[in-house]
Amino acid sequence: MERDTSELFEEFKELTASEFFRRNKQMLGFSGKIRSLTIVFHELITNSLDACEEAGILPEITIELKKLGKEHYLLKHADNGPGIPENYITKVYCQMFAGSKFRNIQSRGQQGLGCSGCVLLSQMTTGQPVKVRSRYKDGETLKGVEMTLKLDVKNNTGIILNKKEFETDRTGSGIEIEFKDVSYSMSEQGAYEYIRRTVIGNPHAKIIFKDPTGNKYTFERATDQIPPLPKEVLPHPKGVTADDIINLCRTSNKKRFKNLLMDSLSRVSSSKVQEVEDATGIDMKKRPKSITWKEAEAVVKQFDQMKFMAPPTNGLKPIGDEQIEKGINEILLPEFSTAITRKPQAYRGGVSFIIEAGIAYGGNAGRLVGNQRKAEIMRFANRVPLTFDQGSCAITEALKSIDWRRYGVRDLDNAPISVFVNIISTNVPYLSTGKQSVAPEPEIVKEIRQATMKIARRLEKYIRTKRAAKNEEMRAKIFEDLVPVVIKQSAILAEKDVPEYDKIMDEVTHKAKIMDMKNRLKQPEIEPMQVKMEQANRFKAEPIRNDEEEVDEE
């Protein structure tokens, strides 16, 4: 029996963004117990770094993770940023697709899902509200407000359960939030490793972390230089689609299509507009809102056939090779390190990007597996560590394609090496909403290879010099053992006194040459230390607030 059409649509429903992600939390990266907790750390730390940098503040982040039960944790996160005005607190923590990152600008986050996604996961696993504390400036007045919030999934908004104001003498914000069905781990994908890599890619940040076992780690900043703020850049004509053109036309207040193209796209001059008009026959004086889809397609097709200047790169702000080296040296204490920042390039014809690469050898470089150090790949995008989905990432693909034996590394997997790669762009081509792997665009893969091979050649020179110095020392040791015996026995046979032979010994053993080699290696006098738990001994021990004391979390 056929059903009536109206009956078929009786169960037709509309989902808010919150409802959609409640059913598809894996799209936010929340899949697996270790990964879910690490993604929470990622989202909260990223927001704190962005807020501090935009306010011109050197970031200082305090994180405490307490175990409440099996796979049940309380996370307290605090920063010294500018704080969040009271009217925006529910939007930041309880509204999907809300934020200040929907611009064509280099940014750690791009979707406005971070904090609200964390609150959603907490609510889904514990049913508990979250507590947010914010200290912010209202004009010249410092204000403090504490809110207890729940996310209204059906309406994608926040519900304020409790609110109180308090006095404060500084700015900052924080959150107390519970999670179940998550796991803390010291593994490569765990929260500790995420923090460690964050400090390498953000050497201006200081992070204090107290883990569930009571161990406290203070990751000091390696530089006091706050990164310059990136600038918003206009889309390049080689990277736009017909839909982009139509959207610009609908939202623009320009009176002429010509002015819209020149003001809304980079590298489009009046002569280029005239070239488009001559080729397509479209009247460039038309009102933008009258442009049809067919005309937009014709414009994009003509753009593809034209030559434009490369996309502007003044909006991109890389870490810089000097700062990368400082971050690497502060955390890894390597025998050798070097870094490079490449010149800007473009992928898909119109999206600019910069590749940065660094390499560390010896010391605490590499992953400690048992008693052996193995190579590790540290992948970053806009300074953010990518700890998951490594196999499908352009960075991994590029590094695996290099013949490391050419650079003195016979077995990369078992070498004490850390390779750092960071891609800077206004539009990083992530493979999923989880933002953990970069699409293997040919231009990006090529640039990563070029950057890595450049620093690998520097490593090769260091390894070659080190091996030569070792061989010379072994040779010298043989002479140091034999020459005195030969001289003494010769003196006995000649019935003469044993002569002074220190000068002869220095010449035979090439002492000056060996000292020169050692100086060129520039090896640090500090002995490499064990990582993980032993590394905590070198961190500065500072008193952390007791549970009863006030905590400025976020």
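Basic side chains Lys and Arg get +1 at the Cβ, acidic Asp and Glu get -1 at the Cβ, and with that the dipole of the range 219-339 about its Cα centre reaches some 1120 debye.
First measure r as the distance between the Cβ atoms of Thr148 and Gln189, then evaluate 1/(1 + (r/R0)^6) with R0 = 35 Å and state the FRET efficiency to the nearest 0.05. Please report the intermediate quantities before stating the final value.
On the way: r = 32 Å, r/R0 = 0.91.
That gives a FRET efficiency of 0.65.
Whole angstrom only: what separates the Cα centroid of the range 264-288 from the Cα centroid of the range 296-334? That distance is 27 Å. For the range 281-317, the list of trypsin sites (Lys or Arg not before Pro) that fall in a loop by DSSP and count at most 13 other C-beta atoms within 10 angstrom reads Lys285, Lys307. Backbone phi angles across the range 137-153, fed through the Karplus curve with coefficients 6.51, -1.76 and 1.60 (θ = phi - 60°), yield HN-Hα couplings of 9, 10, x, 9, 9, 8, 10, x, 9, 10, 10, 9, 10, 10, 8, 7, 4 Hz in residue order; Gly and Pro are listed as x.
Per residue, how much accessible area does the range 379-430 have with a 1.4 Å probe, in Å²? Mind dumping the intermediate values first?
Numbers: 1730 Å² over 52 residues.
Heavy-atom SASA per residue in the range 379-430 reads 33 Å².
When +1 charges are put on Lys and Arg Cβ atoms and -1 charges on Asp and Glu Cβ atoms, the dipole computed for the range 230-296 relative to its Cα centre reaches about 280 debye. Residues whose amide H comes within less than 5 Å of that of Ala415, counting only those at least five positions distant or on another chain, are Ala375 (H built at 1.01 Å from N in the peptide plane).
Projecting the Cα positions of Leu399, Asn382, Gln372 onto the charge dipole of the range 362-403 (unit charges on Cβ atoms of Lys, Arg, Asp and Glu, taken about the Cα centre) puts Gln372 furthest along the positive direction.
Positive end of the dipole of the range 144-204, charges at C-beta (+1 Lys, Arg; -1 Asp, Glu), about the Cα centre: which of Ile200, Ser187, Gly158 has its Cα farthest in that direction? Checking the options against the dipole of the range 144-204, the answer is Gly158. Under a 5 Å amide H cut-off, with hydrogens placed 1.01 Å from N, Ile61 pairs with Lys206, Ile207, Ile208 among residues at least 5 apart or on other chains. On the range 375-465, 46 percent of the accessible area sits on carbon and sulfur atoms, based on a 1.4 Å probe. Reducing the range 400-466 and the range 176-195 to their Cα centroids gives an inter-centroid distance of 27 Å.
Phi angles across the range 56-68 convert, under the Karplus curve 6.51 cos²θ - 1.76 cosθ + 1.60 with θ = phi - 60°, into 3J(HN,Hα) values of x, 10, 5, x, 9, 10, 10, 10, 10, 10, 10, 8, 9 Hz, Gly and Pro given as x. Here the gap between Asn314 and Arg287, fully extended at 0.36 nm per residue and compared with their Cα-Cα distance, gives a gain of 6.6 nm. Element breakdown for the range 245-320 at a 1.4 angstrom probe: carbon and sulfur atoms account for 46% of the accessible area. Each residue of the range 169-185 was assigned a 3J(HN,Hα) from its phi angle through the Karplus expression (A = 6.51, B = -1.76, C = 1.60, θ = phi - 60°), giving 10, 7, 9, x, 8, x, 8, 10, 8, 9, 9, 10, 6, 10, 9, 8, 9 Hz with x at Gly and Pro.
The values are calculated or read from the model by the stated rules, or taken from the named source; none is laboratory data. Predicted model only: the values in this text are computed from it and were never measured. Neighbour counts are summed over all protein chains in view; Cβ atoms, including those assigned to glycine, are modelled from backbone coordinates with ideal geometry. These accessible areas exclude ligands, DNA and RNA; they are computed on the full protein's heavy atoms, side chains included. Shrake-Rupley method; radii C 1.70, N 1.55, O 1.52, S 1.80 Å.
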